[in-house]
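What follows is one structure encoded as structure tokens, with my remarks underneath.
The values are calculated or read from the model by the stated rules, or taken from the named source; none is laboratory data. All values derive from a computational prediction rather than experimental measurement. So basically every Cβ, Gly included, is an ideal-geometry build from the backbone, and we count neighbours across all protein chains shown. What goes into the accessible areas is simple: the full protein's heavy atoms, side chains included, and nothing from ligands, DNA or RNA. Shrake-Rupley method; radii C 1.70, N 1.55, O 1.52, S 1.80 Å.
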Amino acid sequence: MKNPLHLRKKSSLPKSGQSIHSSSLHTRPATGKRPIFRRRRFVFTWKKLWVTLLVLIGIFVLSATAVFAFYIRELPNPRTISQPPIQSTQILDRHGHELYTIHSDQNRTIVSGDQISKYSKEATVATEDATFYTNPGFDLRGILRALYDHLTHRGLGGGGSTITQQYVKNALLRDNSQTIDRKLKELILSIEVDQIYSKDEILTGYLNEIPYGSTAYGIEAASETYYGKHAKDLTLSEAAILAAIPQAPTYYSPYGNHLDALFNRKNYILDRMAAVGFITQAQANQAKTEAPSAANPNFKTQTDLIAPHFVFYVREKLIETLSNDPQQAELMLDQNGYKVTTSLDPNVQEMAQGVVSKLAPNIIKRNHATNAALTAVDPKTGEVLAMVGSIDYNNSKSGNTNFADAELQPGSSFKPIVYATLFSPPNTFAPSSITYDLPTDFGGGYKPLDFDRQFRGPVTNRSALAGSLNIPAVKNLYLAGIDASIATARNLGITTLNQPANHYGLSLVLGSGSVTPVEMADAYAAFANGGVHNPLRPILTIEQNG
């Protein structure tokens, strides 16, 4: 009987001291056929490892390329990130001091990198993205940490977004969702943006974009709002405060109820700046005690508007200037970021406000009036130096009405315009010409009287004008002509007398037509300028920000 155990080859017998492996020993069925299966030992080689790695890398590259190709079709152009976002329009006085900012829901002024304090840049980098200057637009370790926290719901590692990613999210995607789809778009765009722009350009764009609470968007608007200064002039302590706000703008607002939290975060940011080497710890400790601090907040007080009636008067003129479509003009003012330098002189404005506040109440009471206004115009230029539209802008009844630009009856102040017409060619009347101050019926029962109800007989036109006599004035309007007098008024800058002559009648000389005080001031300026009229000029220059 054969032994069922066979050796395949005699030479395969183990030598002395060797063991028999299962791979060398096989059983053959009784039929004598060879076995169908053979077990082979896996042999490790470096070649196999490298092949495996190359395959995996190839699969990863192909997958990444496919994802990139899929999303690139619907992604915004990364080069548009450098286009200015919505900016506010600034209205300035003649010396460049801000009077008012026109904006929609975002008050923003774009500034260049050299107009931002280095402390603001360093505080932001230290807090938001310490690897900003070395990373390629994303931080792999931060992404993995954030992913781990999200999956485990631990929330210990903080966010995984770099400054570049946050800039892309705010400026290009404008999407705060936490979906994988949005994150992939953000990552792809961040890599592209990092390749196209320098680090300083990205950081400057980011600081011009992010919110700082309320309607303040961008570092310049925040600096003006909270400190009343430009971003380039921020101190280390002030820069740290502003860098603290964007994480939670409403919660950390300097005008909110969480100042202790704000100052604690300020101190944390100062320590971070020291830790990454931007400043020394001694500088950080010193800045912790400097304003703004818990002991001395020293934020800019939220005050009333400066020259509010003038500001809104200028706004109306801007709308008329920018577009024939008022809605389009409003949109341009809200978003295009104009810098408007006006003619307002703050010293003259302060004097005008003082005069109205001091004298107007008694004058109003004595004359049974309701309000008062004052406008100052430079005769040689037509520039509006001051405008007070009412005694108190904040008065709930009629304070916000700008009586300086309201259509009012001018009374006897219209007489000089009529006399100017009378003395102009082709008329031959002169200041020395005689007019009779006697009872006169001008038809239809119109019989005006002088203020003292006296009659002076023959008077020179010079005397009649100086005494503001009504009867000679009406006679001289008849002689000069109503149409001609209205034409003179228009030549002097008055735009409100648009009705036919018979609508006004001879009572026009006594103020029956409606004019605005600011245009009357401009008309009178011509008399002070030797008869030369300069159109009203409340706006000196209009420039585009950025």
Multiplying the sequence separation of His95 and Asn400 by 0.36 nm and subtracting their Cα-Cα distance, what value in nm do you get?
107.3 nm
Treat each spin label as a single point 7 Å out from the Cα along the C-beta direction, and report the Tyr268 to Asp105 distance in nm.
2.8
In this structure, the FRET efficiency calculated for Leu54 and Thr134 from their beta-carbon separation, with R0 = 30 Å, to the nearest 0.05, is 0.55
Treating only the Cβ of Lys, Arg, Asp and Glu as charged (+1, +1, -1, -1), what charge dipole size does segment 251-339 show about its Cα centre? Round to the nearest 20 debye.
460
So if each residue of separation counts as 0.36 nm, and I subtract the Cα-Cα distance between Ser112 and Lys358, what length gain in nm does that give?
84.0 nm
So how long is each side of segment 277-348 along the principal axes, counting just the alpha-carbon atoms, biggest first, in Å?
59, 34, 19
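With a 1.4 Å probe and all protein chains left in place, how much of the accessible area of segment 182-337 comes from carbon and sulfur atoms, in whole percent? Walk me through the numbers on the way to the answer.
Working: 3310 of 6940 Å².
Looking at segment 182-337 in its full context, I get 48 percent from C and S.
Leaving ligands, DNA and RNA out of it, report the carbon-plus-sulfur percent of the accessible area of segment 369-447 at a 1.4 Å probe. Write down the numbers at each step before the final one.
Details: 2160 of 4020 Å².
Answer for segment 369-447: carbon and sulfur cover 54 percent of the accessible area.
Per residue, how much accessible surface does segment 481-536 expose to a 1.4 Å probe? Answer in Å², no decimals. Can you show the working numbers first?
Values: 2330 Å² over 56 residues.
For segment 481-536, the solvent-accessible area averages 42 Å² per residue.
What is segment 193-287 by shape, rounded, prolate or oblate, if you read a ≥ b ≥ c off the alpha carbon gyration tensor as root eigenvalues and call it rounded for a/c under 1.5, prolate for a/b larger than b/c, and oblate otherwise? Display every interim value, and only then the final one.
On the way: a/c = 1.69, a/b = 1.09, b/c = 1.55.
Oblate.
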Near the amide H of Leu234, under 5 Å away, which other amide H atoms are found, from residues 5 or more places off or on another chain, if H is placed in the peptide plane?
Ser117
Listed by chain and number, the residues whose amide H is under 5 Å from that of Asn107, excluding neighbours fewer than 5 places away on the same chain and using placed H, are Ala216, Tyr217
Taking the Cα-to-Cβ direction at Ser82 and at Phe455 and moving 7 Å from each Cα, how far apart do the two end points lie in nm?
8.4
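Could you tell me what percent of the accessible area of segment 84-147 is made up of carbon and sulfur, with a 1.4 Å probe and every protein chain present? It would help to have the intermediate numbers written out before the result.
Details: 1560 of 2840 Å².
Within segment 84-147, the accessible surface is 55 percent carbon and sulfur.
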Heavy-atom surface of segment 353-468, accessible at 1.4 Å and reported per residue (Å²)
58
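With the other protein chains left in place, how much accessible area per residue, in square angstrom, belongs to segment 253-327 at a 1.4 angstrom probe? All intermediate terms of the calculation are to be shown ahead of the outcome.
Details: 4250 Å² over 75 residues.
Counting only protein heavy atoms, the per-residue value for segment 253-327 is 57 Å².
Using a Förster distance of 25 Å, how high is the FRET efficiency between Asp260 and Ser198, based on the Cβ-Cβ distance and rounded to 0.05? It would help to have the intermediate numbers written out before the result.
Details: r = 38 Å, r/R0 = 1.53.
It comes out at approximately 0.05.
Any idea what the alpha-carbon Rg over 2.2 N^0.38 Å comes to for segment 316-438?
On the way: Rg = 19.8 Å, N = 123, 2.2 N^0.38 = 13.7 Å.
Taking the Cα Rg and dividing by 2.2 N^0.38 Å, one obtains 1.45.
At a Förster distance of 30 Å, what's the computed FRET efficiency of Ala291 paired with Thr215, Cβ-Cβ distance as r, to 0.05? Before the final figure, lay out each step's value.
Details: r = 24 Å, r/R0 = 0.80.
Calculated value: 0.80.
All other residues with a Cβ under 15 Å from the Cβ of Ser237 taken together, and with Lys, Arg as +1 and Asp, Glu as -1, what is their net charge? Mind showing how you got there, number by number?
Values: positive: Lys118, Lys229, Arg265, Lys266, Arg272, Lys288, Lys300; negative: Glu122, Asp233, Glu238, Asp271, Glu290.
Once all neighbours under 15 Å are counted, the net charge is +2.
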